[in-house]
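Quick notes on the structure that follows.
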Amino acid sequence: MTVSANSDVHFDPYDVELNADPYPMFRRLREEVPLYYNSEHDFYLLSRYADVHGALTDPTTFSSARGAILELIRANIDIPPGVLIFEDPPVHTVHRKLLARMFTPRKVFELEPKIREFCARSLDPLIGAGEFDFVADLGAQMPMRVIGMLIGIPESDQVAIREHANAQMRTEAGKPMKAAEEGIDTGEIFADYIDWRAKHPSDDIVTELLNVEFEDETGTTRKLTRAELLTYVNVVAGAGNETTTRLIGWAGKVLAEHPDQRRQLVEDNSLIPRAIEELLRFEPPGPHASRYVTRDVEYYGQTVPAGSVMMLLLASACRDDRQFPPNGDVFDINREAHPHLAFGIGTHFCLGSSLARLEGRIALEEILKRFPEWDVDLTRATLSPTSTVRGWDAMPAIIR
Ligand code: HEM
């Protein structure tokens, strides 16, 4: 069933072949079936910028409380309190305000020299090697190191934690994610660190969150429980890790395919923040977010009944010509800036967006400084088999 009976568009979000280049399909969805229904996986889909924006900013109609991922909402599993990405106001507002303490401009700004040093440490040994991998050699490691810096996790524990966070999102190619069957992870892997920090307070964010008094959704003033804090840290690790890894992989591929724009960036580093914005728009690492529909809503003359699942196709909205004229499918760091939806919008707007932008900018500055020109070897590049995050597990670059 589609809005346009004449359209033969069939969109399967788990289709591995389609995932390799979904944009022609996204254009068809926007133009032919702006409200689409997939009967196999039983969900509706909005793909135009204005519709996706409207739904993300209406949490009363489009709830996150049953999850923000198609398979989680459909599985109707229990979501532990504190997983703010899967909550609605007013409880979400309380939790977000607490977690926002991690991402104050000062805390993010202070990370810059450390992130730069980490990039230098990763990239310097590769000078003269003739090739490097955007993901394996930098992108896969940096985001978890940065989250570790943010919350104070010792470097020796960071690799295990990254692997754990990624394993939660892994899917077999073409299959929904496992979490739908296994329930939501409660962050036990961070327990040792948090317990140790409780006994050894410092001036870091975990100590601050362990001590902060806040008014909860029942009006009670109290401190966070250990379980809540574990959940918070786990949410940050889950949301901020693989997404940023994928951004760095996409930077390698897209800039290799646009050497003139890459040259512009080498000649004028001040253009790099614009390039990061355009990369996020052009290849958003999180291609969709989903919502539970709480009341009947109408789009294009068709009713979406209460109780449905609505997928919001951020990656399609980010290519919509109506928002990015004249042609959203063109990568252009010099295009007139318009807001994109790679970080969502509204209630759940990405809390780590300034950190992700900072990581992207520093990674690109440090890469371009050492390797101004490269070709990517797509025969060895591999797409990651994740249904929620889209990007590369390997993106080998041959240095010219
Ligand atoms: C390129 C990198 C990133 C992308 C593309 C991205 C994308 C997103 C998107 C689309 C959402 C909204 C989901 C929804 O509406 O259901 C979101 C939320 C969130 N992101 Fe990010 N993200 C990135 C990096 C990060 C980083 C580095 C962190 C933290 C270290 C982070 C932490 C969060 C958190 C905590 C939320 C939930 C906010 C809430 O529910 O109020 N993200 N992100």
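The values are calculated or read from the model by the stated rules, or taken from the named source; none is laboratory data. These numbers come from a predicted model, not from an experiment. No Cβ is skipped: glycine too gets one built from the backbone with ideal geometry, and neighbour counts run over all protein chains shown. With ligands, DNA and RNA removed, areas are computed over all heavy atoms of the protein, side chains included. Shrake-Rupley method; radii C 1.70, N 1.55, O 1.52, S 1.80 Å.
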Item to complete: Please enumerate the residues belonging to the range 185-225 that are under 27 Å from the mean Cα position of the chain (by Cα), among the charged types (D, E, K, R) and under 19 Å from Ile85 (Cα atoms).
Response: Asp185, Glu188
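For the range 341-370, enumerate the residues that are over 30 Å from Ala68 (Cβ atoms) and in contact with a helix residue (DSSP H, G or I) (Cβ under 8 Å, 6 or more places away or on another chain).
Restricting attention to the range 341-370, the residues satisfying the condition of being over 30 Å from Ala68 (Cβ atoms) are 365-370.
Within the range 341-370, Glu365, Glu366, Ile367, Leu368, Arg370 meet the criteria.
Here is a check on your reading of the model: is Pro59 surrounded by fewer than 18 Cβ atoms within 10 Å (Cβ to Cβ), in contact (Cβ under 8 Å) with a residue 24 or more places away in the chain and within 30 Å of Val233 (Cβ to Cβ)? Steps first, answer last, please.
On the way: surrounded by fewer than 18 Cβ atoms within 10 Å (Cβ to Cβ): no; in contact (Cβ under 8 Å) with a residue 24 or more places away in the chain: yes; within 30 Å of Val233 (Cβ to Cβ): yes.
Judged against the criteria, Pro59 is not a match.
Could you go through the range 96-112 and let me know if any residue there is of a type in the set (A, V, I, L, M, F, W, C) and under 30 Å from Ala256 (Cβ atoms). Spell out how you get there, then give the answer.
Residues of the range 96-112 that are of a type in the set (A, V, I, L, M, F, W, C), as a first pass: 98-100, 102-103, 108-109, 111.
Now drop any that are not under 30 Å from Ala256 (Cβ atoms), which leaves 108, 111.
Yes, that holds for at least one residue.
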Worksheet item: In the set Ser387, Ser353, which member is within 16 Å of the ligand (Cβ to nearest atom), free of Cβ contacts under 8 Å to residues at least 24 places away in the same chain and hydroxyl-bearing (Ser, Thr, Tyr)?
Response: Ser353
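Any idea how many residues of the range 185-240 are part of a loop (DSSP other than H, G, I, E, B) and in contact with a helix residue (DSSP H, G or I) (Cβ under 8 Å, 6 or more places away or on another chain)? Talk me through it step by step, then tell me what you get.
Filtering the range 185-240 for residues part of a loop (DSSP other than H, G, I, E, B) gives 185-187, 200-204, 212, 216-220, 224-225.
Narrowing further to those that are in contact with a helix residue (DSSP H, G or I) (Cβ under 8 Å, 6 or more places away or on another chain): 185-187, 201, 204, 212, 216-217, 224.
Within the range 185-240, residues that are part of a loop (DSSP other than H, G, I, E, B) and in contact with a helix residue (DSSP H, G or I) (Cβ under 8 Å, 6 or more places away or on another chain) number 9.
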Discussion item. Return the pair list, or none, for Cβ contacts closer than 6 Å from residues in the range 284-306 that are acidic (Asp, Glu) to residues that are away from the ligand (no atom under 16 Å from the Cβ), at least 6 apart or on different chains.
Written reply: Asp296/Thr303; Asp296/Pro305; Asp296/Ala306
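Here's the yes/no breakdown for (1) within 22 Å of the chain's Cα centre (by Cα); (2) of a type in the set (Lys, Arg); (3) within 14 Å of the ligand (Cβ to nearest atom):
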residue	(1), (2), (3)
Val91	no, no, yes
His95	yes, no, yes
Leu98	yes, no, yes
Thr104	yes, no, yes
Ala129	no, no, no
Gly139	yes, no, yes
Met144	yes, no, yes
Met149	yes, no, yes
Worksheet item: What helices (runs of 4 or more DSSP H) lie completely within the range 68-134 and have 1 or more residues being of a type in the set (Lys, Arg) and buried (at least 18 other Cβ atoms within 10 Å of the Cβ)?
Response: 70-75
Item to complete: Would you check which residues across the range 20-56 are surrounded by fewer than 17 Cβ atoms within 10 Å (Cβ to Cβ) and within 19 Å of the chain's Cα centre (by Cα) and list them?
Response: Ala20, Asp21, Tyr23
Worksheet item: Of the numbered conditions (1) open to solvent by 10 Å² or more (accessible area, probe 1.4 Å); (2) within 11 Å of the ligand (Cβ to nearest atom); (3) closer than 30 Å to Phe331 by Cβ, Asp268 satisfies every one except a single condition; which is it?
Response: (2)
